[in-house]
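Written out below as structure tokens is the structure these notes cover.
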Amino acid sequence: SELRLLRTLGDGRYSFNFGTKSSLSQKLFLSCFVDFWHSSSEQGTTNGNTIRFEQILHAPGSPGRLFLLDEKELTMRLEDIETLSNGHLIWSETSGMQQIAKTAKFSLSELNATLENDK
């Protein structure tokens, strides 16, 4: 309810709220994204070093589906990921492909520690 993912329609029914999620912090988004990517890598659904925008938006368990984000909002959140992750992850748009890539600095334990310290 704090993230306002559902809204009441007034007649005892509920609907999904696909609007802007101003109550969703960037740190919570990043934490969920990192968890999703890590579990996807373990399951073999990503190659480990990059993840495509479409997967982040549409895959089961992805932040896009979990938080009901549209393409515009997800893009805005991912464009800031290098700053949010302290350089561990970067947003890339090359040859028409949008994706997040791990940098040479990437360390899952360091990134998780950064996220824990910022809570």
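Secondary-structure-derived ellipticity at 222 nm for the chain, considering helices only, amounts to -12000 deg cm²/dmol, per-run term -39500 (n - 2.57) for DSSP H runs with n ≥ 4.
Model label points for Leu28 and Met76, set 7 angstrom from Cα along the Cα-to-Cβ axis, are 1.7 nm apart. For the chain, the alpha carbon convex hull comes to 113 Å³ per residue, rounded to a whole number. For region 23-39, backbone phi angles converted through the Karplus equation (6.51, -1.76, 1.60; θ = phi - 60°) give residue-by-residue couplings of 7, 8, 5, 5, 5, 5, 4, 4, 4, 5, 4, 4, 4, 4, 5, 4, 5 Hz, Gly and Pro being listed as x. Between the helical axis of 108-117 and the dominant principal axis of the chain, each derived from Cα atoms, what acute angle in degrees is found, rounded to the nearest 10? Orientation of helix 108-117: about 50 degrees from the principal axis. Annotation: per residue accessible area for the chain equals 60 Å², rounded to a whole number [probe 1.4 Å, protein chains only].
The values are calculated or read from the model by the stated rules, or taken from the named source; none is laboratory data. Predicted, not measured: the structure shown is a model, and the values here were computed from it. When we count neighbours, we look across all protein chains shown, and the Cβ atoms used for this are built from the backbone with ideal geometry, even at glycine. Please note that ligands, DNA and RNA were not included when accessible areas were found on the heavy atoms of the full protein model with its side chains. Shrake-Rupley method; radii C 1.70, N 1.55, O 1.52, S 1.80 Å.
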